[in-house]
Amino acid sequence: MTAYAGIDVAKDTLQIALYPQSNSFCTTNTSEGIHQLIQWLSDNRVEQVLVEATGGYERLSVKLLAKARFKVMRINPLRARQFALAMGKQAKTDSIDAQMLAMFAHALRKKEFVVADEARDKLTELVNQRDAFVQQRDDNRRRIQQAQEPEVQQAYRELNAKIQEMIKAADRRIAAQTRQVDGALVDRLQAIKGIGAVSISSLFCYLPELGDLSRGQVAALAGVAPYNNDSGTKRGNRHIYGGRAKLRRAMYMSTLVMVRYNEDFKNRYAQLRARGKCAKVALTACMRVLLVRLNAMVRDGAPWREGAI
């Protein structure tokens, strides 16, 4: 019988449950423990593994399981909790969470799976490091404004100068690693006015499915798809929801540039504003068009075309 596995990830341990079988297993969240897990999953003929994102503690297990050719899915913890509540499970323990994830894996069946890609994994780690540097730099800028003592302000300025050097070094490493992932696509994306190095690396890290999605799927993954809010005769306003926040943030910044300097997007944005749409709604609509066009460009292996949609 084919089994589905759910893994509840903690900093030090992995709790595993199977469905429809009732088998369970617990191991350490280390390379040695995950190799034991791989053997146990193979012995139990597991077809699909579901893991919830836990702030990075799941990365090693996802990477090694994907390399071992298991079908691995990673989901938002909110979805996992909502599924458990829908199944009537109010209690929350590691064992219960693993059991619910296994049942959820069975309910999801075949969806998008994590693919082992060491070059992209390295790029993602570099991009996350750069994000942390930028966050620390911006936090220090606010602290400089709040500080009263000159020596405190000077210490923050000296620290930010060092952080800025580290950001520039990170940019160089990211640029080189991005080309390791797909140098030809980098050249095509760089030709688009408004798409810079940060946006390109974010697309590679946070939207590896680019080119393999439908229009609706790419918008939903980025969290820019408007969802209906209707019931009976009521027709509520549509709102965007969910999606990948880091991807959306990068695309938002690109769209801000494009509605200023790209004639096609500048006109599109102006038309939406003229129809009474507020600025953020108009920007979100432009962002959705940008992602759809980038997806089509990669899918077709074609260069960027102005006014394609």
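Every number here is computed from the coordinates shown, using simple stated rules; none is lab data. Since this is a predicted model, take the numbers as computed values, not measurements. Ideal geometry is used to build each Cβ from the backbone, glycine not excepted, and the neighbour counts take in all protein chains shown.
How many angstrom separate the Cα center of segment 2-56 from the Cα center of segment 263-292?
The two parts, judged by their Cα centres, are 45 Å apart.
What size of dipole, in debye to the nearest 20, comes out for segment 8-67 about its Cα centre when the only charges are +1 on Lys and Arg C-beta atoms and -1 on Asp and Glu C-beta atoms?
On the way: 5 positive and 7 negative charges, 34 e Å.
Roughly 160 debye, rounded to the nearest 20.
Within 10 Å, count the other beta carbons around each residue, average over each peptide in 212-222, 127-137, and list them highest first.
Working: 212-222: 17.9, 127-137: 16.3.
My ranking of the peptides, most packed first, is 212-222, 127-137.
I'd like to compare 157-164, 61-68: which one has the highest average count of other Cβ atoms within 10 Å, and what's the full order after that?
Working: 157-164: 13.4, 61-68: 19.5.
Top of the packing list down: 61-68, 157-164.
Once you have the Cα-Cα distance between residue 91 and residue 13, take 0.36 nm times their residue separation minus that, and quote the gain in nm to one decimal.
Numbers: separation 78, 0.36 × 78 = 28.08 nm, distance 1.98 nm.
Full-extension gain reported as 26.1 nm.
Once the Cα atoms of helix 245-261 and of the chain are each reduced to a long axis, what angle between those two axes, in degrees from 0 to 90 to the nearest 10, is obtained?
The two axes meet at around 20 degrees.
Could you work out how far helix 279-300 tilts from the main Cα principal axis of the chain, as a 0 to 90 degree angle to the nearest 10?
The angle comes out at about 70 degrees.
Tell me, 37, 185 in order of fewest to most beta-carbon neighbours within 10 Å? List each step's numbers first, then the result.
Working: 37 26, 185 19.
Final ranking by Cβ density, sparse to dense: 185, 37.
Taking the Cα centre of segment 3-108 as origin, work out the dipole magnitude from +1 charges on Lys and Arg Cβ and -1 charges on Asp and Glu Cβ, in debye rounded to 20.
Details: 12 positive and 9 negative charges, 68 e Å.
Taking the Cα centre of segment 3-108 as origin, the dipole is about 320 debye.
Any idea what angle helix 263-274 forms with the longest principal axis of the chain, computed on alpha-carbon atoms, 0 to 90 degrees, nearest 10?
90 degrees
Quick check: residue separation of residue 228 and residue 197 times 0.36 nm, minus the Cα distance between them. What number comes out in nm? All intermediate terms of the calculation are to be shown ahead of the outcome.
Working: separation 31, 0.36 × 31 = 11.16 nm, distance 3.46 nm.
My answer for the length gained is 7.7 nm.
Residue farthest toward the positive end of the dipole of the chain, with Cβ of Lys/Arg at +1 and Asp/Glu at -1: which of 274, 183, 21?
274
Which percentage, to the nearest 5, of the DSSP beta bridges contained in the chain is antiparallel?
Details: 15 of 25 bridges.
Close to 60 percent.
Place +1 on the Cβ of every Lys and Arg and -1 on the Cβ of every Asp and Glu in the chain, take the dipole about the Cα centre, and give the residue among 77, 60, 202 whose Cα lies farthest towards its positive end.
202
So if I place +1 on the C-beta of Lys and Arg and -1 on the C-beta of Asp and Glu, and nothing else carries charge, what would the dipole magnitude of the chain be about its Cα centre? I want it in debye, nearest 20.
Working: 49 positive and 31 negative charges, 286 e Å.
Charge dipole of the chain: 1380 debye, to the nearest 20.
Using 0.36 nm per residue of separation minus the Cα-Cα distance, give me the extension gain between residue 122 and residue 149 in nm, one decimal. Don't skip to the answer; put the middle values down first.
Values: separation 27, 0.36 × 27 = 9.72 nm, distance 4.10 nm.
Result: 5.6 nm gained on full extension.
By per-residue mean of other Cβ atoms within 10 Å, what is the highest-first order of 168-178, 10-20? Don't skip to the answer; put the middle values down first.
On the way: 168-178: 15.5, 10-20: 18.7.
Top of the packing list down: 10-20, 168-178.
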